[in-house]
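Structure first, then comments.
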Amino acid sequence: MNKKVIFFFPATLTSSGQSASKIRPRKMLKAMREKGYIVYLVHGSYRARLKRIGVIEKKLENGAEFEFLYSESLTIPYHLSEPSHWPRTFIKEILFFRKLNKFKIPLFCFYRDIYWRLKDMNLEASRIVSFIKKPFYYIELILLKNFDKVYLPSNQMKEHVPILRLENMEELPPACENFISSASDSATQPSSMKKEDSFISSTKKGIKVLYVGGLSDGYPMQLLFEAIRQSPEVELTVCTRKQDWLKSKGKYILSDNISITHESGSSLIPLYKTADVCSLVFEPQEWRDFAFPYKFFEYIENCKPILAVKGTPPAKLVEKYEIGIVVDYTLESLLKGIRKLQDKRFFESCRENIEKVKKCESWTSRVEKLQDTANQINR
């Protein structure tokens with residue numbers, strides 16, 4: 001008999017949207033179904049969620065067993081998650097969580113970020129709005145104290161999270177897929193390593209570096225641009241939103257080997273196909289000490305060695321699996337790293353290691369971790 005789980009999401013879970021906050025819950029839901037679970041999905045508006053909760057409560061009363069409840073937080077506090085953002089108590093849902101506790105069903109939540117506590121990441125246009133929202137973040141954490149495990153993008157985030165006990169927090173970073181996924185599930189189609197795509201041509205000079213993502217104040221890359229300008233044999237392609245580039249272009253100096261583009265979705269596939277290396281080189285900021293960018297695993301899916309900055313969560317995986325180069329945030333170290341990636345033998349070794357990473361850092365492995373934790377709780 002297939003095991004049953006509950007997937008709780010305090011908003012509408014859609015099949016579209018390319019931000020990490022929309023992609024991640026889709027991937028986890030898909031992985032649960034691939035593992036053979038019967039998933040009772042609770043999402044949508046509060047009223048819609050209560051109808052689904054009613055079905056589950058009847059199942060519980062009739063003796064149904066559930067392995068665990070898995071939920072994901074939003075970037076906005078739980079109690080403000082209705083479309084109007086007007087505060088709600090969600091009493092019936094909170095009572096539902098307590099009922100699951102009584103039935104000894106483990107409660108898990110992925111807590112997305114803690115940017116609201118960092119001064120340099122206060123992105124609110126209005127200080128008044130930020131001031132009003134802050135107490136609700138704390139209220140949400142008080143609710144999560146009753147959960148058996150709160151998962152974070154990285155273990156480094158623990159020290160920034162108030163109220164919760166350290167032992168109740170654990171990392172559950174994004175993951176990758178080891179197969180071709182549908183266009184609705186991914187911005188790109190992951191590629192397996194092919195000889196014709198590899199950096200193997202003896203006539204090829206230099207490498208092509210690709211960055212896909214934002215270019216706002218939270219993503220300063222001036223040092224990377226400078227390193228590329230000093231490396232004429234290397235090409236850099238920055239794929240970012242047009243509005244990001246228009247807002248930030250005054251901070252950057254271009255050269256003949258640096259190009260800017262604004263592709264998205266399936267249009268990214270040619271960029272990944274022609275790139276040799278992908279970059280996660282940004283100026284160090286407090287939030288980067290614990291943030292785990294979703295793009296890291298998109299790079300892995302496309303079998304691209306990664307250039308990362310020491311001390312960040314992605315850098316730890318790059319070093320652990322030997323799938324790229326980790327550099328200090330200095331021009332000298334970055335130039336040295338770029339030269340190292342031009343070594344044919346080292347480059348191919350990175351690509352071979354990436355194929356192994358796809359298997360052990362998959363979305364299904366994340367679901368297996370949830371089940372292992374649930375089994376330990378229920379012993």
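The values are calculated or read from the model by the stated rules, or taken from the named source; none is laboratory data. As the structure is a computational prediction, the values presented were derived from the model and not from experiment. Positions of Cβ are backbone-derived with ideal geometry, glycine not excepted, and every protein chain shown enters the neighbour counts.
Which residues, counting only those in the range 73-113, are in contact with a helix residue (DSSP H, G or I) (Cβ under 9 Å, 6 or more places away or on another chain) and among the polar types (S, T, N, Q)? If the condition is that a residue be in contact with a helix residue (DSSP H, G or I) (Cβ under 9 Å, 6 or more places away or on another chain) and among the polar types (S, T, N, Q), then Ser73, Thr75, Ser81, Thr89 are the ones that fit. Given the condition within 29 Å of Lys4 (Cα to Cα) and touching a residue at least 24 places away in the same chain (Cβ under 8 Å), answer yes or no: does some residue in the range 115-124 qualify? Within the range 115-124, none of the residues are within 29 Å of Lys4 (Cα to Cα) and touching a residue at least 24 places away in the same chain (Cβ under 8 Å).
Of everything listed in (1) part of a helix (DSSP H, G or I); (2) within 22 Å of the chain's Cα centre (by Cα); (3) surrounded by fewer than 19 Cβ atoms within 10 Å (Cβ to Cβ), the single unmet condition for Ile128 is (2). In the range 352-379, the residues that are more than 18 Å from Val150 (Cα to Cα) reach residues that are surrounded by 15 or more Cβ atoms within 10 Å (Cβ to Cβ) and charged (D, E, K, R) with C-beta atoms within less than 6 angstrom, at least six apart or across chains, in these pairs: Asn353/Glu322; Thr364/Lys35.
Pro284 - would you say it is in contact with a strand residue (DSSP E or B) (Cβ under 7 Å, 6 or more places away or on another chain) and crowded, with 22+ Cβ neighbours inside 10 Å?
Here the answer is no, as Pro284 does not meet what is asked.
Taking Ser259 as the residue in question, decide whether it is more than 19 Å from the chain's Cα centre (by Cα), outside any helix (DSSP H, G or I), modelled with pLDDT of 95 or more and in the same structural domain as Phe347 (by TED's automatic domain parsing). Answer is yes for this residue. Take the residues in the range 66-102 that are in contact (Cβ under 8 Å) with a residue 12 or more places away in the chain and among the β-branched types (Val, Ile, Thr), then tell me which one is surrounded by the most Cβ atoms within 10 Å (Cβ to Cβ). For the range 66-102, the residue satisfying everything is Ile76. Is it the case that some residue within the range 165-173 is assigned to a loop (DSSP other than H, G, I, E, B), within 27 Å of Tyr111 (Cβ to Cβ), touching a strand residue (DSSP E or B) at 6+ places or on another chain (Cβ under 8 Å) and modelled with pLDDT of 95 or more? Yes - at least one qualifying residue is present in the range 165-173.
Yes/no per residue for (1) farther than 20 Å from Leu215 by Cα; (2) basic (Lys, Arg):
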position	(1), (2)
Lys242	no, yes
Lys304	yes, yes
Lys316	yes, yes
Gly337	yes, no
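Search the range 103-118 for residues being modelled with pLDDT under 95 and more than 18 Å from the chain's Cα centre (by Cα), and hand back the single one that is surrounded by the fewest Cβ atoms within 10 Å (Cβ to Cβ). That would be Leu118.
Filtering the range 336-346 for residues that are touching a residue at least 24 places away in the same chain (Cβ under 8 Å), among the hydrophobic types (A, V, I, L, M, F, W, C), surrounded by fewer than 20 Cβ atoms within 10 Å (Cβ to Cβ) and farther than 20 Å from Phe290 by Cα leaves an empty set. For the range 39-57, indicate whether the set of residues that are surrounded by 20 or more Cβ atoms within 10 Å (Cβ to Cβ) and either within 19 Å of Ala175 (Cα to Cα) or modelled with pLDDT under 95 (or both) is non-empty. Looking through the range 39-57, none of the residues is surrounded by 20 or more Cβ atoms within 10 Å (Cβ to Cβ) and either within 19 Å of Ala175 (Cα to Cα) or modelled with pLDDT under 95 (or both). Selection of first residues in the range 273-299 that are within 21 Å of Trp363 (Cβ to Cβ) and of second residues that are modelled with pLDDT under 90, restricted to Cβ pairs under 7 Å at least 6 apart or on distinct chains, gives the following pairs, ordered by first then second residue: Tyr294/Ala20; Glu298/Ala187; Glu298/Thr188. Within the range 217-247, the set of residues being part of a loop (DSSP other than H, G, I, E, B) and more than 15 Å from Val327 (Cβ to Cβ) comprises Asp217, Gly218, Tyr219, Pro220, Pro232, Glu233, Thr240, Arg241.
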